[in-house]
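Heads up: the structure comes next, in structure tokens.
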Amino acid sequence: MNDPQKAPVQLSFSDKYTDEHSRQYFEKHHRKKLSDRLEHRMAERALRLAGKPASVLDLPCGTGRFWSLLAADPKRELLAADLSAAMLDVTAQVREPSVVSRFRLLQCSAFDISLPDQSVDCIFSIRLMHHIGEAVNRLAMLKEFHRVSRDTVVLSLWVDGNYKAWRRRRLDAKRRQQGERSDNRFIVSRTQFESECLAAGFEILGHVDFLPRLFMWRTYVLRKKAALPGDR
Ligand SMILES: C[S@@+](CC[C@H](N)C(=O)[O-])C[C@H]1O[C@@H](n2cnc3c(N)ncnc32)[C@H](O)[C@@H]1O
């Protein structure tokens, strides 16, 4: 936990979640009712696949979009973390007080979670991994999730093998030709990401697609592989 030996991974996109941006993020998703509903359905199915975990860390929680869903189980122990203090503040203001009071809040990086090993049954991580363009950073985050989870990880990202990814790649190529900068969102090949999960010590229990073959969003459900004798 907060290992001083570990060089912190810092991503440029992380700096944009100021107070104003946090409010805009809340408003934007509040308006997008249909896609928000579909994303909740995807998350609900993924949590079922994960075996309806009894304790969940929502990381990054953003403005708490999934808090009502996570709190629907009255016995579930709930934690939520985000790097941005502004996001955590806005969340506490915009969500139902009875829901907010169920969560223990932490301000920390997903690369260095301020919790001891094996603290929760499940880490629930929606819309963070698609911001991580480098394999070495994805692996670092997966390893940190492996340390803090006792059992599963539910995680969404953008994958290839669908119409939107094909279109996005064409758009990215055009942007590069015109010398435009990346918007810090990346598509990862499914086979590559799955091999990164295995390398971090997970097996893949399954996945749920937002809209199969059409959209890029996929939610993976990972389970920690059983340690072999001699593993450290
Ligand atoms: C796109 S939002 C997603 C939030 C939420 N899961 C959702 O789906 O609404 C990305 C969030 O990641 C947080 N964030 C950025 N870098 C982070 C990091 N290194 N560790 C933890 N959270 C981070 C931001 O503050 C922001 O709240």
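The values are calculated or read from the model by the stated rules, or taken from the named source; none is laboratory data. As the structure is a computational prediction, the values presented were derived from the model and not from experiment. Note that each Cβ is placed from the backbone with ideal geometry, even for glycine, and that neighbours are counted across all protein chains shown. The area values use the complete protein model at the heavy-atom level, side chains included, leaving out ligands, DNA and RNA. Shrake-Rupley method; radii C 1.70, N 1.55, O 1.52, S 1.80 Å.
At R0 = 25 Å, how high is the FRET efficiency between Arg48 and Leu211 if r is their beta carbon distance? Nearest 0.05 is fine.
Details: r = 19 Å, r/R0 = 0.74.
My answer for the efficiency is 0.85.
Mind jotting down the distance between the C-alpha centroids of region 95-113 and region 178-198, whole Å?
Between the Cα centre of region 178-198 and that of region 95-113, the gap is 28 Å.
Which percent, nearest 5, of DSSP beta bridges in the chain are antiparallel?
Among the beta bridges of the chain, antiparallel pairing accounts for roughly 45 percent.
Straight-line reach from Lys52: which aspartates and glutamates have Cα under 20 Å away, leaving out those fewer than 8 places along the same chain?
Glu39, Glu44, Asp73, Glu77, Asp121, Asp151, Glu203, Asp209
Assuming a viscosity of 1.306 mPa s and a temperature of 10 °C, what translational diffusion coefficient in µm² per second does Stokes-Einstein assign to the chain, Rh being the Kirkwood radius over Cα pairs? Please report the intermediate quantities before stating the final value.
Numbers: Rh = 18.3 Å.
In µm²/s, the coefficient is 87.
Roughly how many percent of the accessible protein surface of the chain is carbon and sulfur, given a 1.4 Å probe and a whole-percent answer?
On the way: 6190 of 12460 Å².
With neighbouring chains kept in place, the figure for the chain is 50 percent.
Classify region 98-232 from the C-alpha gyration tensor, please: rounded if a/c falls under 1.5, else prolate or oblate depending on whether a/b exceeds b/c.
prolate
Under DSSP H, which helices of the chain have Cα atoms covering 15 Å or more of the helix axis and a Kyte-Doolittle average no less than -1.0? Before the final figure, lay out each step's value.
Details: long enough: 19-31 (19 Å, -2.75); 33-49 (24 Å, -0.92); 135-148 (20 Å, 0.09); 163-177 (22 Å, -2.44).
Result, helices passing both filters: 33-49, 135-148.
Given Cα pairs under 8 Å that are at least 6 residues apart, what percent is the relative contact order of the chain?
20 percent
Can you work out the FRET efficiency for the pair Gln177 and Arg150, with r the C-beta to C-beta distance and R0 = 41 Å, to the nearest 0.05?
Computed FRET efficiency for Gln177 and Arg150: 0.30.
How much of the DSSP bridge set in region 95-192 is antiparallel, in percent, rounded to the nearest 5?
About 10 percent, rounded to the nearest 5.
Over 30 Å between Cα atoms: which of Lys75/Lys224; Lys32/Lys174; Lys28/Lys143; Lys16/Lys174 fall into that group?
Violating the 30 Å limit, Cα to Cα: Lys28/Lys143.
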